[in-house]
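Down below is the structure, laid out as structure tokens.
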Amino acid sequence: MARAELDVGELLLKLVARETGEISKVDYRPQKPEFMHDSVIGETYLERRSPESQGVSSAFFVDLIRELSSDKKIYIHKFMALRHGKVIAECAFEPYTMDMWHVSFSMCKSIVGMAIGILIDEGRLSLDEKISDIFSSRMNPFGFLRKNITVKHLLNMSSGVDFSETGAISGNDWRKSFLESSFKFDPGTQFEYNSMNTYMLSAIITEKTGMSCYEYCKEKIFMPMGIQRTYWESCPQSITKGGWGLFIRIEDMAKLGQLYLQDGVWDGRQIVPSEWIKESISWQNDTGKPDNAHYGYQLWINDDRPGSYAFNGMLGQNVFVYPDIDMVVATNGGNTDIFQTSKMALIIRDYMKNNIEAFDGPIPEDFAALNSLKMICKSVSGRTQNYPIICSGGWQKKSLKMTTGSTRNKSFSVRGKRNSFNYSLCSNNIRNENYLIREWLKKLDGNTYNIEQKGVGLFPIMMQVVHNNFTDGISKIGFRLFDGNSFYIDVYEGDEVYSLRCGFGGKRYSSKINMHGEVYEASLVSFCTTDEYNHLVIRNEINFLEEACLRTFNIFFNDGVITEPIVPSQIEIRLLETPGSAMLMETMKNIAPDALSGMQGKVVSKFFKGGIKEAFEHAVNNTVQPVLKGVLNELTDEMCYTLDDAVDLEDEEADNNKTTDDNTN
């Protein structure tokens with residue numbers, strides 16, 4: 001097993017053991033800035049037109065979006081379609097918004113490929129140039145020189161280097177590790193998808209220009225195209241990650257696909273050389289994958305339609321390009337796929353292959369279909385009560401009802417039989433938030449619970465690993481009523497207190513979480529129910545709006561029945577995350593215990609050789625789906641706020657209420 005894989009195994013074992021803090025071998029420093037919601041100078045937007053005006057029926061998108069939104073196994077965040085460079089369909093699925101940036105994962109590899117094409121056109125680089133020549137001053141002369149890796153091998157994923165993306169957690173000098181790594185096969189003889197190939201392309205740009213790849217792309221690609229609000233993470237040596245780490249808006253993703261359709265020309269300016277585009281979208285390597293058999297230069301060649309290809313990032317970050325009908329489809333999502341194999345991607349690709357009719361010129365406007373398209377886009381966005389809204393269970397259950405805009409709260413009595421209350425609590429169209437706030441949550445107001453288990457954080461494990469930003473562990477959970485129709489869950493993690501505003505009745509509130517200097521925005525919605533013992537359960541769905549992750553935060557109150565609320569002496573918190581759990585489980589189960597050294601290797605080997613592999617798998621499952629116990633802290637009152645704090649909160653809530661009103665009106 002390679003050294004990097006051993007480091008992965010060590011990190012995963014630390015996660016199972018619930019160690020906290022900087023547990024990886026990569027030095028952490030905060031990078032990601034807070035997203036700017038206002039457009040900036042120089043930013044441009046694409047024109048919006050009806051589908052019919054561009055030769056496509058609105059009914060096509062109605063059917064496609066309806067199927068994407070109705071499947072419980074699909075976690076799509078955003079969808080945008082272009083025809084002839086015009087936006088003809090777009091929607092964000094609650095609680096995501098079209099204008100906010102989103103993590104792109106490997107989709108940004110294609111941007112690095114564009115930058116390499118520009119660098120070659122400038123005469124600073126050639127496809128056949130050897131990596132050993134480019135980095136001669138940094139190399140061990142007895143290592144890498146025995147293999148002649150070229151720029152082309154990096155572009156078409158055929159380098160054969162045995163240092164993959166797992167190396168991103170193995171140390172600070174990724175470039176050195178790549179250059180000194182061994183080989184799995186001779187360069188150019190096989191295909192192996194490896195994000196470190198793209199990282200090295202980014203390092204080449206820095207070596208040739210003295211600029212980071214991100215700075216180079218901003219100057220050569222982003223700014224000329226009016227792409228302004230982006231951020232690209234770098235490695236500990238300030239080299240742009242290249243193969244991942246870019247935050248970008250979906251409209252700007254779609255622009256990049258349109259740039260390729262236009263042979264690299266944008267607003268009359270040649271951004272990417274046209275000859276490079278032709279070469280990069282041609283078959284450069286056979287992948288051996290039945291769903292995507294061919295690879296170009298940092299992009300996938302699809303067989304959906306003649307000449308089609310895709311910029312692809314895991315979990316649903318896609319730009320599908322269809323030259324024969326001059327269309328681009330861009331998506332963000334939080335699925336469980338690594339490549340273009342999720343149900344979401346397959347449905348879109350099938351629709352574009354078999355269902356679409358695209359005419360050369362405009363077709364008669366179909367106002368009924370266009371209104372249906374507008375209606376379903378508003379429905380899935382959750383930003384209107386004049387169209388179907390979620391009435392129970394969240395998007396996991398997809399339970400919808402029609403409304404004329406009236407609120408869902410209805411008065412009811414809790415006197416008499418307890419089952420009458422339970423019936424109303426569990427019914428699809430009656431929520432009891434007013435009762436809970438009046439009788440139950442006020443009992444919790446100001447109380448905190450000490451968490452017995454250590455090492456579990458608010459952030460999903462996948463986000464911690466990808467951003468090298470690991471939790472300090474939740475120590476306490478507190479509750480506060482706020483303005484009569486919402487409440488706060490205060491999560492004490494390390495030296496920080498994350499105040500998460502929650503609301504019932506389908507209301508969502510946004511909160512900002514400062515994780516070690518990086519600010520992330522989260523949207524919360526809460527639902528209430530009871531368990532089989534008639535204990536109150538508050539289910540909180542936390543969507544990280546810039547990420548592909550959903551965290552479910554279920555709070556069980558283990559004593560005190562609903563009808564006679566008392567301050568519970570204990571709570572139980574069950575956490576789930578989507579996606580990421582299955583991938584982490586598979587990675588950890590595939591650790592080769594014989595390859596792990598030291599006491600850790602001996603312990604894991606005993607698990608496997610002793611026939612109790614299930615015990616290890618249980619530990620893994622408990623890591624990705626932890627259960628926390630909390631005990632009431634009766635002696636400590638830490639929920640006091642100064643007048644200045646209260647004023648700051650009121651100002652913040654005024655902004656949040658404005659956003660909420662925009663989302664619900």
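The values are calculated or read from the model by the stated rules, or taken from the named source; none is laboratory data. Keep in mind it's a predicted model, so treat the numbers as computed, not measured. Don't worry about glycine lacking a Cβ; one is built from the backbone with ideal geometry, like all the others, and counts go over all protein chains shown. Only protein heavy atoms, including side chains, enter the accessible area calculation; ligands, DNA and RNA are left aside. Shrake-Rupley method; radii C 1.70, N 1.55, O 1.52, S 1.80 Å.
For the reader, a short list of remarks on this structure follows.
- Put the Cα centre of region 122-138 next to the Cα centre of region 72-103 and the gap is 39 Å.
- Accessible area per residue, Å², region 39-100 with all protein chains present, probe 1.4 Å: 36
- Förster radius 30 Å - calculated FRET efficiency between Leu576 and Glu34, Cβ distance, rounded to 0.05: 0.65
- Each residue, Lys374 and Trp283, gets one label point 7 Å from its Cα in the Cβ direction; the gap between the two is 4.7 nm.
- Fraction in percent of alpha-carbon pairs per bin - 5 Å, region 312-352: 6, 26, 34, 20, 10, 3
- At an R0 of 35 angstrom, the distance between the Cβ atoms of Thr189 and Ser238 translates into a FRET efficiency of 0.55.
- When each of the peptides 509-517, 332-340, 245-253 is scored by how many other beta carbons lie within 10 Å of its residues on average, the order from highest to lowest is 245-253, 332-340, 509-517.
- Available extension along the chain between Val497 and Arg124 is 129.3 nm, counting 0.36 nm per residue and deducting the alpha carbon span.
- Solvent-accessible area, 1.4 Å probe, carbon plus sulfur percent, for region 152-201: 39
- Reducing region 184-207 and region 151-167 to their Cα centroids gives an inter-centroid distance of 3 Å.
- Per residue, in Å², the accessible surface of region 154-269 once ligands and nucleic acids are set aside, probe 1.4 Å: 28
- Among the listed pairs Lys73/Lys353; Lys176/Lys454; Lys14/Lys343; Lys255/Lys374, those with a Cα-Cα distance over 26 Å are Lys176/Lys454; Lys14/Lys343.
- Look at the dipole of region 176-332 built from charges on Cβ: of Ser238, Thr287, Val329, the Cα furthest out on the positive end belongs to Ser238.
- Net lengthening on full extension, Asp350/Glu219 (0.36 nm per residue, minus Cα-Cα): 43.5 nm
- In this view, the solvent-accessible surface of Lys147, computed with a 1.4 Å probe and all protein chains in place, comes to about 40 Å².
- Legend: calculated FRET efficiency, Thr341 to Glu439, from the Cβ-Cβ distance at R0 = 51 Å, rounded to 0.05, equals 0.55.
- Cβ crowding within 10 Å averaged over residues, with 58-64, 364-370, 152-158 ranked highest first: 152-158, 58-64, 364-370
- If you sort Trp276, Trp283 by accessible surface, 1.4 Å probe, largest first, the order is Trp283, Trp276.
- Length added when fully stretched, Asp366-Tyr533, from 0.36 nm per residue minus Cα-Cα: 54.7 nm
- Pair Glu180, Asp267: separation of 7 Å Cα→Cβ label points (nm): 4.7
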